[in-house]
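The values are calculated or read from the model by the stated rules, or taken from the named source; none is laboratory data. In this text the structure is predicted, and so the values were computed from the model without any measurement. Quick reminder, even Gly has a Cβ in these numbers, built from the backbone with ideal geometry, and neighbours come from all protein chains shown.
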Amino acid sequence: MKSRTEGDDERLTIRRAIGSLYGHALFEPGFPLYVNRVSESFELQEHSHDFVEITYVIEGKGFHYIGDEVIAVQKGDLFFIPVGISHVFRPAHASAKDRLFVYNCVFQEQLFEQIAGSCPEFLGDIDREALLALRQETAPFQLKEPFGEIGELMRRLHIEFTQTKPARRFMLLTYVLQLFIVLYRSRQHGTARPDSAPGRLDEALGYIHQHIDCPLSLPEIAAKINIGPRQFHRLFKQTTGQTYIEYVQTVRIQKCCERLLGTSCKVGEIAEQAGYQDMKYFHALFKRITGMTPRQFRRQPQQR
């Protein structure tokens, strides 16, 4: 692989464009809760928001870019994302057969206190402390669900939100309260990601993104996390749905996407800065990964 000069490294540094989302654009008047089911794509910009978000992966595989971390995700993964944390989900591929579907439940953080303060004659101190413990979470966390309980709750929550049955808001709050309790209990029992081979793979993903301008070979990156090349290859493919080379190409194209949205540089210049000299190959690769040409990607509106 061709080496790069110090000047090239500086030239390849890309400032991440981070947008903002606001709850008032989503919430119904007087009811600070919103639920949806979406297919994640390459179009949505990385963003932060003024509300708490709970996201559950329903189907597919992909990646969650959250803060400075990159986490491979699949069905059954849940993320708790506090106010002000920048993040975005990306599918592993743009093809329809590899789509990444998630449930999103978003709400104002005051909802914890509002629920904890309701019906004081029925809620004891331990019950209130459970809700307020989630309110005090300032860092995002991930849970891997083994039995489908949270997935079923999110499904019911979404169905109820999209319908107009009597006492709809009351039913929504009962589902949300159950969701809070399940999250609290899961945190108490330590079901967060363990320090295992999959956990170390996340470290490798983070390293790849931080050094995408000069990626290591597969044996080199495997050695960094103390996993043999063959095990690394199997684990990487199983977790991400891609080979190591395919993943590196995807990350490079995602960096190009960031530059297309965040700068006015020409397409050819962005391709060259990412290490692509053959424009025909670059356009074909870009369309295969994102489902559109670079110019189409730059022109399309950025929506949640």
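Table for the structure above
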{"read-out": "Residues (farther than 19 Å from L183 by Cα and crowded, with 19+ Cβ neighbours inside 10 Å) located in segment 47-57", "value": "H49"}
{"read-out": "Within segment 273-296, tally of residues that are assigned to a helix (DSSP H, G or I), under 20 Å from D213 (Cα atoms) and either at pLDDT 90 or above or of a type in the set (G, A, S) (or both)", "value": "7"}
{"read-out": "Helices (runs of 4 or more DSSP H) (entirely within segment 142-239) containing at least 2 residues that are more than 30 Å from Y276 (Cα to Cα) and at pLDDT 80 or above", "value": "149-162, 168-188"}
{"read-out": "Segment 261-271: number of residues that are at pLDDT 90 or above and assigned to a helix (DSSP H, G or I)", "value": "5"}
{"read-out": "Which listed residue, of T240, T250, is crowded, with 19+ Cβ neighbours inside 10 Å, hydroxyl-bearing (S, T, Y) and under 15 Å from S41 (Cα atoms)", "value": "T250"}
{"read-out": "Selected residue [at pLDDT below 90 and over 27 Å from G262 (Cα atoms)] from Q108, Q74", "value": "Q74"}
{"read-out": "Residue count for segment 1-38, restricted to those that are at pLDDT below 50 and surrounded by 11 or more Cβ atoms within 10 Å (Cβ to Cβ)", "value": "6"}
{"read-out": "Pairs where the first residue, in segment 162-178, is free of Cβ contacts under 8 Å to residues at least 60 places away in the same chain and the second is among the basic types (K, R), C-beta under 6 Å, 6+ apart", "value": "Y175/R156"}
{"read-out": "Selection count, segment 226-237, where residues are of a type outside the set (V, I, T) and surrounded by 16 or more Cβ atoms within 10 Å (Cβ to Cβ)", "value": "4"}
